[in-house]
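I have placed the structure first, in the form of structure tokens, so that the comments after it can refer back to it.
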There are 4 protein chains.
Amino acid sequence: MRDIPDVPFGGWDPPEYRVDTDGKVVGATPGTPNNWGRWGADDQIGTANLLSAERIAAAAALVKTGKRFSLALPIGPPTPGGYRSEPLHFYGMAAGDAVLGGGPGGAAFPTSDDYVVMALQASTQIDGFGHVGGDATLYNGYWAGLVTASSRARRLGIHKLAAGVVGRAVLLDVARHLGVEHLDLGFGIGPDELDGAAAAQGVAIGAGDIVLVHTGHLEWKRGLRANDPDARTRHEPGISIRAIPWLHDHDVAMIATDTAACQVVPPDDGTPFLTWHVAALRDLGLLVGELFDLHELAADCAADGVHEGFFVAAPMPVVGGSGSPLNPIFIK
Amino acid sequence: MRDIPDVPFGGWDPPEYRVDTDGKVVGATPGTPNNWGRWGADDQIGTANLLSAERIAAAAALVKTGKRFSLALPIGPPTPGGYRSEPLHFYGMAAGDAVLGGGPGGAAFPTSDDYVVMALQASTQIDGFGHVGGDATLYNGYWAGLVTASSRARRLGIHKLAAGVVGRAVLLDVARHLGVEHLDLGFGIGPDELDGAAAAQGVAIGAGDIVLVHTGHLEWKRGLRANDPDARTRHEPGISIRAIPWLHDHDVAMIATDTAACQVVPPDDGTPFLTWHVAALRDLGLLVGELFDLHELAADCAADGVHEGFFVAAPMPVVGGSGSPLNPIFIK
Amino acid sequence: MRDIPDVPFGGWDPPEYRVDTDGKVVGATPGTPNNWGRWGADDQIGTANLLSAERIAAAAALVKTGKRFSLALPIGPPTPGGYRSEPLHFYGMAAGDAVLGGGPGGAAFPTSDDYVVMALQASTQIDGFGHVGGDATLYNGYWAGLVTASSRARRLGIHKLAAGVVGRAVLLDVARHLGVEHLDLGFGIGPDELDGAAAAQGVAIGAGDIVLVHTGHLEWKRGLRANDPDARTRHEPGISIRAIPWLHDHDVAMIATDTAACQVVPPDDGTPFLTWHVAALRDLGLLVGELFDLHELAADCAADGVHEGFFVAAPMPVVGGSGSPLNPIFIK
Amino acid sequence: MRDIPDVPFGGWDPPEYRVDTDGKVVGATPGTPNNWGRWGADDQIGTANLLSAERIAAAAALVKTGKRFSLALPIGPPTPGGYRSEPLHFYGMAAGDAVLGGGPGGAAFPTSDDYVVMALQASTQIDGFGHVGGDATLYNGYWAGLVTASSRARRLGIHKLAAGVVGRAVLLDVARHLGVEHLDLGFGIGPDELDGAAAAQGVAIGAGDIVLVHTGHLEWKRGLRANDPDARTRHEPGISIRAIPWLHDHDVAMIATDTAACQVVPPDDGTPFLTWHVAALRDLGLLVGELFDLHELAADCAADGVHEGFFVAAPMPVVGGSGSPLNPIFIK
């Protein structure tokens, strides 16, 4: 076999911090703004705390016609703009086997049983708080070292969000507001675009809202041919780090887009790639959704002028997981 | 290596039927009762057709307090009573790697990315209509041979249910009604128990309802030690084939239990193991849920006397899949 | 979710043949030449029958210096020219976890345990006889329908080859013989090139030999940049269908190349893509190896003039499998 | 969903050592005996260094009859005594699909393509040097922290052993020597048993030898019924820590047994479970094989009195892996 050169290694010095028995890095400080400690020192669900029963009850009253939208991408076809290897889907048993005398139930009982092998963030998804940290810390000061191959996420696992993201969702159609089919690659969405779209639509963003930002990017990417150079770029429009204070000031519970990274790529302020994720996940404990398919919903909202609805999205409660596929349901 | 004897093979004669270009077995007939053709010859979603916008709008009005329940089992711990190999959960990257200088984002950006390998029906789940057929046919007369390893489910894929199961759910607490912690293994729930529980609770089952039957079995099984012989039995209480006409007469959209098979095991009428599944899935096109964790919900309903709520459960839209994990959300 | 159109279906008529209790299609006939029945009606290992103890003993005497070559590609880096999704490699436990207090053995016993998810033919590999058939049959008349998702290969499983491919191997360096670094895409290697290379090297091919044909293609492909259009083509040089009688006449036990398909792609005689595989696997029961990394071995043989050696390659004995990764060892 | 309590966490203090740019823990010292530095400071293959070309050439001369044995367990049936979840084997395409009009090659070209999901140490296998370390170090002083989920084994990956384990193998039949079908659970094999068996067999162990120790345990375990309490125990006979100096003094290249752990379980000297592995893997850099099926080979050696042969076993060269399934071939 051909020799595989070792990857260079720069040496290692132990960090200078300690971690207490709560799993917190002693002396760690978050960025600004942040929600560390806001819901208690042991909080592990961040802005999901904003999804109060009262708000959910109020949001359910938004249901008028009962028309509903699944905002998920199908799992199987290539994911437009996806970062990860495509899911594998296998039939351990297939009903057709029975026709060939090969199934477990014999010819009389054709039976299928299928499996997936998939990155939990390979398709429409929600980030867990173990997904991205900054320096040694995750949300609320938990230590990044709590997430390992064998322990999984010892704190902040996605299963903490099992009760789901439920409440009032508002679609902000930034693409339509700016009069384009899709925002440019690298276009950063800041407070002006968010406020502008809300004003144009006549909606207000309130505490505990789930904000869905339509950029048109997913639909554009879906239309590209496989060999189009743009099909491979990871550049995309998205939420700017300039919008972080806005998200915090409005007490948004979840921000989601029809892009792979939610944040603009590359960042529009010259910061490193993951800085936005650190501000959103680590500092705010903000729920982040990605690869939401907002095309049909956006068209419907443009048609009837109603941009709000009742939203339910429940992750797979993988214990110690750091993300989950999501099939979000938006009901008008 | 030790010799592995070939499995015996009984020979094979080709079937006598043909399959038309719609994928239907020519001349196939369903059992009684059935919904074949009721929603069109090309219908692939069965009783999900009953989940109309009107009914969803009416069901949303059931939300009073906003209190919500996730009815999912956690994915990771052994599944009580599960039939399938346990899910595998892997971290392709773990945030802790960054502490060791090993992560893709360097020390500054600890990043996690995880994968699952799982049977789509390994935990709380919904059956797809490719899951079980009878003789050569699946729901609505589609051919069992449409489901193969390479083609996946060419019709009736779980992705057809992407819009989710949304509507009014009613918990029928058969265990409490009968005054037991959990029903006996092999106890078949028929019309009498369903009507009795409904009457005792003062609720009526209507068209398009999602019926959740609490047997107490899951909670009992969860409490067993690993080496308890009962921990391995597949016998369990469940819905009897005697309840099939009741489910059809009431136009129930979904039936789900806190057991692995939904149906009683072994069948209480001496029919083969999968006969109930054939009647429910193939003939009625009935949505079937399994391994719903109803313990906390049942206790809450017993406490406040409210057994109905708004229900949202959206499968992973695996194209051509025959089942899906589910995290059902029940909101009062 | 966006609607996923159903794939068209052309209807289905049952085949006219029967399958007997041996798993043979009644009345099936192979192409010419073929080895059906040569080693008995129930033979499932084809030309592996040629790897007799006597030949192995004779081949071991070829070992002179003890210098050895692994002909495998590494598993992990992208496979040059591979047809299948890349293997996934996961650490369920990583020794580094112990440094973070997260491993199962505590800090004192750092422990690693890793998993692969891989297509059995994703890297250097051997075809099983369930891999490709023609019409309804596999090697020796076994029915293609014996291979299903739930039954795996009920006959002809790769585990039948557990004893490995062991014997005399001869490298035929067709690229050097023709004076090129690598053969052109679509170049079909026929009897003339095989005989020519053998004559130039002064070696003779005998019964039971393992023939390794160096085309230079793998090395060329490895050198391409990822965005080179040639990196994606499946066209490659390889063994022509014109060589099938030659392989049969010489009673070759195994044919392997440094290409993904062994056969030339596209076929040089205008036949459908898999016709060569049908002739080799189904008719001859010939062992076929693919993606063998012959670059270093070929250079060594050119340098010392010795093109033969002792060869040992043992598949993973996956019961009912249709292929296996292989790490072939060639010893001089 | 039921609440999942957080696992307790004991806090974390950074280690006091540094790691140099070679990946070595500064100031680390091995146990006694050890091979650290023996083959250079950057050695990553341990006793595989003993498998010299000269020894391989000499070993090939042991081949007399050409009779060969695969020492692998089949992959698919439950692994007797295995520690890990059973491999999953899936057909992404099955030849039978073509009979149903569902295959990629149409009816004319039935095609199969299969996948495995497996722990690299789930069946007959070889340990990599990333598998077990002691305190912060792996073999030759490399840092345990070099193995992480995202980096895989940055040093000491199993791919370093791609050239395989090739040389003279000697079967030491300790069970027959002691006159038992199988050694007792917890029976530790020390120098006396090894020397005794060798003397009884009339063989000598020399430098670079591959030593296969037959305990009879695997065959006994294979014969147990699934519900036999012994079927679940991890206790087994195996190599004692008392044999470590013997293995070192004889310059054994590889030690392998027909047990799951190679070492005796529980340890016969009261040390912690993995102490033997630390001595073998970390200190000696000794190749360790497990779950070798020696039953047929042992019977053959007893019958013909020949206990030595030529041995070839080549791991799957998973880059950065810490173990590999193995199909070892022993040739007389």
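The values are calculated or read from the model by the stated rules, or taken from the named source; none is laboratory data. Just so it is clear, the model here is predicted, and its values are computed rather than measured. All Cβ positions, even for glycine, are placed from backbone atoms using ideal geometry, and neighbour counts span all protein chains on display. These accessible areas exclude ligands, DNA and RNA; they are computed on the full protein's heavy atoms, side chains included. Shrake-Rupley method; radii C 1.70, N 1.55, O 1.52, S 1.80 Å.
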With a 1.4 Å probe, how much accessible area is buried between chains A and C, both sides summed, in Å² to the nearest hundred? 2500
How high is the FRET efficiency from residue C:195 to residue C:16, r the C-beta distance, R0 51 Å, rounded to 0.05? 0.75
Charges only on Cβ, +1 for Lys and Arg, -1 for Asp and Glu: so what's the dipole of segment D:199-300 about the Cα centre, in debye to the nearest 20? 340
Burial ranking of peptide ranges B:184-194, A:138-148 (average Cβ count within 10 Å, highest at the top): A:138-148, B:184-194
Expected response for nearest chain B Cβ to the B-D rotation axis, distance in whole Å, is B:117, 3
Report which residues of segment A:100-126 become buried by 50 Å² or more of accessible surface when going from the isolated chain to the complete set of protein chains (1.4 Å probe; DNA, RNA and ligands ignored). A:100, A:109, A:110, A:112, A:113, A:114, A:115, A:116, A:117, A:120
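What do you reckon, how do B:251, D:22 stack up by accessible area (1.4 Å probe), largest on top?
Reading off the accessible areas and sorting them downward yields D:22, B:251.
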Per residue solvent-accessible surface (Å²) - chain C, probe of 1.4 Å: 31
With the full set of protein chains in place, find how many percent of the accessible area of segment C:163-214 is carbon and sulfur; take the probe as 1.4 Å. 50
Rounded to a whole number, what % of the accessible area of segment A:5-101 do carbon and sulfur atoms account for, probe 1.4 Å? 54
On alpha-carbon atoms, Rg over Rh for segment A:103-256 using Kirkwood Rh? 1.07
Under the convention of a label 7 Å out along Cα→Cβ, give the distances in nm from residue A:207 to the same position in every other copy, shortest first. 4.4, 7.9, 9.0
Assign unit charges at the C-beta atoms only (+1 for Lys and Arg, -1 for Asp and Glu), then state the dipole size of chain C relative to its Cα centre in Debye, rounded to the nearest 20. 660
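How large, in percent, is the carbon and sulfur part of the accessible surface of segment B:117-156 at a probe radius of 1.4 Å?
Values: 130 of 370 Å².
The nonpolar share, carbon plus sulfur, comes to 34 percent.
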Between residue B:227 and residue B:2, take the C-beta separation as r, use R0 = 25 Å, and let me know the FRET efficiency to the nearest 0.05. 0.25
Derived scalar couplings ³J(HN,Hα) [segment D:201-214; Karplus, 6.51 cos²θ - 1.76 cosθ + 1.60; whole Hz; x for Gly, Pro]: 8, x, 10, 10, 9, x, 4, x, 6, 9, 9, 10, 9, 8
So, in nm, how far is label residue C:54 from label residue C:235 when the simple model puts each one 7 Å beyond its Cα toward the Cβ? 4.7
Measuring from a point 7 Å out along Cα→Cβ, what nm distances, shortest first, does residue D:226 have to its partners in the other copies? 1.7, 4.2, 4.5
Interface residues of segment A:15-60, defined as losing at least 30 Å² of accessible area versus the chain alone with a 1.4 Å probe, are A:15, A:17, A:18, A:19, A:21, A:53, A:56, A:57, A:60
Point-charge dipole on Cβ atoms (K/R +1, D/E -1) for segment C:259-302, about Cα centre, debye to 20: 220
Positions from segment A:63-77 whose accessible area shrinks by 50 Å² or more when the full protein complex is built, not the chain alone, probe 1.4 Å: A:68, A:70, A:74, A:75
Could you work out the relative contact order of chain C, using alpha carbon pairs under 8 angstrom and six or more residues apart, expressed as a whole percent? 28
Please list D:233-242, A:270-279 highest first by mean number of surrounding beta-carbon atoms within 10 Å per residue. D:233-242, A:270-279
Going by average Cβ density within 10 Å per residue, which order do the peptides A:125-132, B:214-221 take, highest to lowest? A:125-132, B:214-221
Mean projected area in nm² (Cα convex hull; one quarter of hull surface) for chain C: 22.8
Using a label point 7 angstrom from Cα along Cα-to-C-beta, what distances in nm, from shortest up, separate residue C:83 from the other copies? 3.3, 3.4, 3.7
Given backbone amide H placed at 1.01 Å from N, residues whose amide H is under 5 Å from that of residue D:314, ignoring those fewer than 5 places away on the same chain, are D:165, D:327
Past the 29 Å Cα-Cα mark, which pairs from B:24/B:160; A:64/B:332; C:64/C:160; C:64/D:160; C:160/D:332; C:67/D:221? C:64/C:160; C:67/D:221
Largest fluctuation, A:113, A:230, A:13 only, Gaussian network model of chain A with Cα springs under 10 angstrom, belongs to A:13
Karplus (6.51, -1.76, 1.60) ³J(HN,Hα), θ = phi - 60°, over segment D:228-244, in Hz, Gly and Pro reported as x: 6, x, 5, 5, 9, 5, 9, 5, 6, x, x, 6, 7, 5, 5, 8, 4
